[in-house]
1. Given a 1.4 Å probe, how much area per residue of the stretch 1-113 is accessible, in Å²?
2. Which ³J(HN,Hα) values, rounded to whole Hz and listed in residue order, are derived for the stretch 105-121 from phi using the Karplus coefficients 6.51, -1.76 and 1.60 in 6.51 cos²θ - 1.76 cosθ + 1.60 with θ = phi - 60°, glycine and proline given as x?
3. What is the dipole size for the chain, taken about its Cα centre, with +1 at each Lys and Arg Cβ and -1 at each Asp and Glu Cβ, in debye to the nearest 20?
4. Which values of log₁₀ I(q)/I(0), to two decimal places, follow from the Debye formula for the stretch 267-418 at q = 0.14, 0.16 Å⁻¹ with a uniform point scatterer at every Cα?
5. Among Lys230, Lys364, Lys64, determine the one that fluctuates most according to a GNM of the chain built with springs between C-alpha atoms less than 10 Å apart.
6. Taking the stretch 32-97 as the region of interest, what is the percent of Cα-Cα pairs per 5 angstrom bin, listed from the shortest bin to the one with the maximum distance?
7. Given springs between every Cα pair under 10 Å in a Gaussian network model of the chain, which of Leu161, Leu45, Leu413 has the largest fluctuation?
8. The chain: longest stretch without exposed GluC sites (Glu not before Pro) (DSSP loop, at most 15 other Cβ within 10 Å), sites themselves excluded?
Amino acid sequence: MSKIPAPKGFEDILPADSWKWHAIEAIARELGELYHFQEIRTPILEHSDLFHRGVGETTDIVHKETFTFKDRGGDSMTLRPEGTAGVVRAAIEHGLIAQEGSRVKVYYIAPNFRYERPQKGRLRQHHQFGAEAFGIADPAEDVECILLQMDFYRRCGIKDLSLQINSLGDAESKQRYRDALVKFLKPKDAESKQRYRDALVKFLKPKEPALSEDSQRRLETNPLRILDSKDPRDQEASRGAPPPYESLSQKSRSHFDQVQKLLSGMADFKVNPNLVRGFDYYTETLWEVTAAGLGAQNALGGGGRYDNLVENLGGRPTPGVGFGSGLERLLIALEAQGAQLPKPAKPLFYLIYHGEAAREAQWKLLSELRANNIPADMDLSNRSVKAQFKLSDREQATHCLILGDTELQNQTLTLKDLKTGNQSTIPRAELLDRLKSFLPR
Ligand code: HAM
């Protein structure tokens, strides 16, 4: 029979690596609670409309990258490509932000699905640690989210972090900027949409083999995205474009100033006027964190404010801000930087028996140890003592507990430390207390 591989861009997390996931997830949870965010878990499947209305019709993520299908009832469903829209839906649906002045701070650790071309650091299923705060319009909340995110990286041991921030402003500023950008990017002789299209086609036709369809499409639908495109052609086209902050309204400018003021001294950052990020829902502050060692996909995580999203998804107008941080990329960066995650020193006692009576006794002891939270295992298939020792080694046991004729007679067990090879005899009656002393406190 032929083997069935995992789908492209979907990765298994194997037993040898799962401890790393436990370690970063533990840090994420610890920090979430420390900053007084509570965990939320939302379904991985949502109605497709949620992402069309939430994330944005014109974004690459919705336009080209969703896993969308009709379910058996004929409804269009989408595997979530990101966490924010689902969290907003849940907050509205369960009335978490129904009251005037409601404040809710949540975090999540969850998989997302994007139909992207897989490469290092870019998968079709990736996991994010994310946080969202609702009901707090103050710039201090933007900063709290940024600090939580940066703290997460620091506690995981990431070095060489770079935090870039920008502001798109409120709806008014965004529109003003959009207009300015379209004007800038369109050739001067083509004011109307149709004339512009014709001119663009004429302009680009000779370079057709090198053309990016994305740029053409974006120019009409989402010109902002051209600014932070990685495509050198887009970069060339937008060189010298007016930066978004020139279009900021008074209110947005003061919000962004305040964010920078509060962030000063708390985290190093740089204002990047070309930072736009790939979602339509962003308003005001945006940020992205990159780290050394990631290669082309160097964004560890990013976030921003989305003050209109709750209303756009049918809730009462409620400001929101949050971030998402890719966990696969975090692990790649940690490895590239040679950083060590805290590996819990977990003991594992392997019970070795010689003879049938010893086997029965060890089988009982196995349950007793587990009932006392002492990790233990044993061979269940009557192997030779030599084979049992081999197994204990393969299973990476830290100690063996040996029961043979002599031990049975003397009501003792022999404890062997597999690292040092040292052996000691322990009276059966004292066993539990002795073994408990090996457990992490
Ligand atoms: P995002 O920038 O699309 O933002 O994703 C956040 C992070 O998830 C990225 O910086 C990256 O580390 C990781 N990531 C994204 N796509 C992939 C992929 N295909 N493979 C591996 N890792 C990936 C969001 O998703 C927003 N929801 C963040 C947010 C929350 N903004 C406000 N609240």
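The values are calculated or read from the model by the stated rules, or taken from the named source; none is laboratory data. Fair warning: this is a prediction, and the values are worked out from it, not measured in the lab. Using ideal geometry, Cβ is built from the backbone for each residue, glycine included, and neighbour counts are taken over all protein chains shown. SASA here: full protein model, heavy atoms, side chains in, ligands and nucleic acids out. Shrake-Rupley method; radii C 1.70, N 1.55, O 1.52, S 1.80 Å.
1. Roughly 58 Å² per residue, with all protein chains present.
2. Once rounded to whole Hz, the list reads 10, 10, 10, 8, 10, 7, x, 10, 10, 9, 7, 10, 6, x, 7, 4, x.
3. My answer is approximately 960 debye.
4. Once normalised to I(0) and log-transformed, intensities are -0.76, -0.88.
5. It is Lys364.
6. Taking every Cα pair in the stretch 32-97, the percentages come to 4, 16, 25, 21, 16, 10, 5, 2, 1.
7. Greatest mean-square fluctuation among the candidates belongs to Leu413.
8. 192-394
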